[in-house]
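Visitor: Right, I'll just put the structure down here and ask away after.
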Amino acid sequence: MATAAKMNPAEAKAKAVAKAKAIAPDVPAQIGQTPVTDLRGLPDIFGRLVEDHDRHRALLAMLEATGGKGDDAKALFEELVHELKGHAAAEEQALWSTVLRNPETTEFARHAVAEHKDIDKMLDDLAARDMGTPKWLERFAALKHEYLHHIREEEQEQFVESEKILTAADRKHMLAVFERRKEAEKAAAEVKPRLRINDIA
């Protein structure tokens, strides 16, 4: 059976950004430089996760460019919520559920999953606020900072450590699981307005 070849990293990144641009073609998607990783474009679970991360970077940049106002902002925010929630759930099922069971990588997996929960709460908090207001923009900036930090850690630390304990067959199987679960989890994801009461300034 033929093995899929690695996609050129620049092409892989452009493909991911194009998916985000499809939501609001007139909004710029300036994600700038991204953290260095050898995983971009790989035909396995890690390449696929980085592809989603690049798409999310673009969605965040586009939403920031709208200032949280207008129909494009609403469409981008809804897509961001579905993307981040669907991605996190599928990633946990495809990758972290296995990595958690290995003592060498348990802490990396726990850390990643804990951050998923925090990001989920931040999304729900944003959904409960009026878009485009100073408070919403402040909270959105915090979400963007937190999420970019999270995926940089995954790409440069957690995925790298996880890769060491997984075989090529593991990574291909995980890719198939991720693709199946991502579609289902994204479809089931909901925008749930819920203020973080203990965190209201």
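Visitor: Mind checking which of D72, D124, D38 has the largest fluctuation in a GNM of the chain, springs on alpha carbons under 10 Å?
Guide: Comparing D72, D124, D38 in the GNM, the peak value goes to D38.
Visitor: For K21, give me every one of the lysines with a C-alpha distance below 21 angstrom, ignoring sequence neighbours fewer than eight places off in its own chain.
Guide: K13, K69, K74, K85, K144, K182, K186
Visitor: Hey, got the dipole for region 91-152? About the Cα centre, +1 on K and R Cβ, -1 on D and E Cβ, debye to the nearest 20?
Guide: Using Cβ point charges on Lys, Arg, Asp and Glu, region 91-152 gives about 100 debye.
Visitor: Quick one: among T37, T167, T105, which has the greatest mean-square fluctuation in a GNM of the chain with alpha-carbon springs under 10 angstrom?
Guide: Answer for the Gaussian network model of the chain: T167.
Visitor: Is there a quick way to get the dipole size of the chain? I mean about its Cα centre, with the Cβ of Lys and Arg at +1 and of Asp and Glu at -1; what is the value in debye to the nearest 20?
Guide: Result for the chain is approximately 300 debye, rounded to the nearest 20.
Visitor: Which of rounded, prolate, oblate describes region 43-103, given a ≥ b ≥ c as roots of the alpha-carbon gyration tensor eigenvalues and a/c under 1.5 marking rounded, otherwise prolate only if a/b is larger than b/c?
Guide: It comes out prolate by the Cα gyration axes.
Visitor: If one takes the longest principal axis of the Cα atoms in the chain, at what angle in degrees, from 0 to 90 and to the nearest 10, does the Cα axis of helix 168-188 lie?
Guide: It works out to around 30 degrees.
Visitor: Can you tell me which of P43, P134, P103 moves the most in a GNM of the chain? Springs connect C-alpha atoms under 10 Å apart.
Guide: P103
Visitor: Which of the three applies to region 1-79, rounded, prolate or oblate, going by the alpha-carbon gyration tensor with a ≥ b ≥ c and a/c under 1.5 meaning rounded?
Guide: Prolate is the answer for region 1-79, as a/c is 1.5 or above and a/b outweighs b/c.
Visitor: Using only the Cα atoms of region 15-134, build the gyration tensor, take square roots of its eigenvalues as a ≥ b ≥ c, and label the shape rounded, prolate or oblate: rounded if a/c is under 1.5, else prolate if a/b is larger than b/c, else oblate.
Guide: oblate
Visitor: Around E79, what is the net charge, scoring Lys/Arg as +1 and Asp/Glu as -1 over all other residues with Cβ under 12 Å from its Cβ?
Guide: +3
Visitor: Summing +1 for each Lys or Arg and -1 for each Asp or Glu, what net charge is found among the other residues whose Cβ lies under 9 Å from the Cβ of A20?
Guide: Overall, the nearby charge balance is +1.
Visitor: For region 51-70 and region 102-175, what is the centre-to-centre distance using only Cα atoms, to the nearest Å?
Guide: Here the answer is 16 Å between Cα centres.
Visitor: How tilted is helix 45-66 with respect to the longest principal axis of the chain? Cα atoms for both, answer in degrees (0 to 90, nearest 10).
Guide: It is inclined by approximately 10 degrees.
Each reported figure results from applying straightforward, stated rules to the coordinates on display, with no laboratory input. These numbers were taken from a predicted model, which means no experiment stands behind them. Note: ideal-geometry Cβ built from the backbone for every residue, glycine included; neighbour counts use all protein chains shown.
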